[in-house]
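The values are calculated or read from the model by the stated rules, or taken from the named source; none is laboratory data. Quantities reported herein were computed from a predicted structural model and do not represent experimental measurements. In this analysis, Cβ positions are derived from the backbone assuming ideal geometry, glycine residues included, and neighbour counts consider all displayed protein chains. Ligands, DNA and RNA are stripped out before the accessible areas are found, and what is left, the full protein with its side chains, is counted by its heavy atoms. Shrake-Rupley method; radii C 1.70, N 1.55, O 1.52, S 1.80 Å.
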Amino acid sequence: MAVNSELSQDGKRLTIWVKGRFDFGKHQEFRNSYESRPHPPQSVVVDLKEATYLDSSALGMLLLLRDHVGGDDSQIEVVNTSSDVRKILAISNFDKLFDIR
């Protein structure tokens, strides 16, 4: 699988790993990684260490995740981003919506 997820033991933190191209082809897998849980987690970590590409549909998927978790009150970290991915996220002002590292 190109998208994997794991819920912490206490059920409060969900970590999602994306491998390869983060584009529309990953839409269903990415969505299933958080919607299949009985309750939205309090916080989410999206790990892009193994992501090789990110496009506008990936940005949309991150926004859908944010809405699912709680919108403005959500705690979502996007971690292990490459410099190119950080630039895309900054240009899109996603650094104001997510904690990006």
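Suppose the chain between residue 27 and residue 84 were pulled fully straight at 0.36 nm per residue; how much longer would it get relative to their current alpha carbon spacing?
18.4 nm
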Self-check item: the chain: relative contact order in percent, alpha carbon pairs under 8 Å with at least 6 residues between
Solution: 25
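Would you tally the net charge around residue 41, using a Cβ to Cβ cut-off of less than 9 Å, leaving residue 41 out, and scoring K and R as +1, D and E as -1? It would help to have the intermediate numbers written out before the result.
Details: positive: 12, 13, 37; negative: none.
Every neighbour counted, the sum reads +3.
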Quiz item: Candidates (1) 7.0; (2) 5.7; (3) 9.3; which is the computed mean projected area of the Cα convex hull in nm²?
Solution: (2)
Quiz item: Once both labels are modelled 7 Å past Cα along the beta-carbon direction, what's the residue 99-residue 1 spacing in nm?
Solution: 2.5
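Give, in nm to one decimal, the length gained when the segment between residue 59 and residue 75 is fully stretched (0.36 nm per residue of separation minus the Cα-Cα distance).
Values: separation 16, 0.36 × 16 = 5.76 nm, distance 1.63 nm.
4.1 nm is the gain from fully extending residue 59 to residue 75.
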Quiz item: Roughly to the nearest percent, how much of the accessible area of region 3-100 is carbon and sulfur, given a 1.4 Å probe?
Solution: 46
